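The values are calculated or read from the model by the stated rules, or taken from the named source; none is laboratory data. This is a predicted model, so every value here is computed, not measured. Positions of Cβ are backbone-derived with ideal geometry, glycine not excepted, and every protein chain shown enters the neighbour counts. Keep in mind that these areas ignore ligands, DNA and RNA; they rest on the heavy atoms of the full protein, side chains included. Shrake-Rupley method; radii C 1.70, N 1.55, O 1.52, S 1.80 Å.
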Amino acid sequence: MTMLRACSLADLGEDKPLAVEVADTPLVLVRRGPVVHALRDECSHAEIPLSEGEIEMGRDDRAGIVCWLHGSRFDLHTGAPCSPPATEPVEVYPAAVVDGDVFVDLDT
């Protein structure tokens, strides 16, 4: 596991998606309480940056990020699509906070 620095934790507002690029990989980071989620910053349906969307709670009480173009919601934990029109998941990467910085592992 190789953890790469993505940003400072201070750069992440609660439930505010942030676009970052780590080792040429576009990511969207989302902070929910003490947990940071890292997903590929691209809707699997229309190749739109998910970082331009919003965080919403689903009927299952799990948070997801919603693509602004067609409304597909992706689970922050698994990347699975929770609503159409998307049918394919987006990649999810392990993230950790160490000494006030956010690190991600792209080798998953």
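Remarks
- Members of the range 73-108 that are closer than 20 Å to residue 63 by Cβ, in a strand (DSSP E or B) and either without any contact (Cβ under 8 Å) to a residue 24 or more places away in the chain or in contact with a helix residue (DSSP H, G or I) (Cβ under 9 Å, 6 or more places away or on another chain) (or both): 73, 74, 75, 97, 102
- Scanning the range 12-57 for residues that are part of a helix (DSSP H, G or I) and surrounded by fewer than 17 Cβ atoms within 10 Å (Cβ to Cβ) turns up just one, 52.
- The C-beta contact set for the range 46-69 (first residue free of Cβ contacts under 8 Å to residues at least 12 places away in the same chain, second residue among the small types (Gly, Ala, Ser) and not in a helix (DSSP H, G or I), distance under 8 angstrom, 6+ apart or interchain) comprises 57/63; 57/64.
- Residue count, the range 82-108 (criterion: surrounded by 12 or more Cβ atoms within 10 Å (Cβ to Cβ), hydroxyl-bearing (Ser, Thr, Tyr) and under 17 Å from residue 22 (Cα atoms)): 1
- Considering residues of the range 58-81 that are open to solvent by 40 Å² or more (accessible area, probe 1.4 Å) and closer than 14 Å to residue 32 by Cβ only, the residue nearest to the chain's Cα centre (by Cα): 77
- Residue count for the range 1-11, restricted to those that are touching an Asp or Glu at 6+ places or on another chain (Cβ under 6 Å) and buried (at least 16 other Cβ atoms within 10 Å of the Cβ): 1
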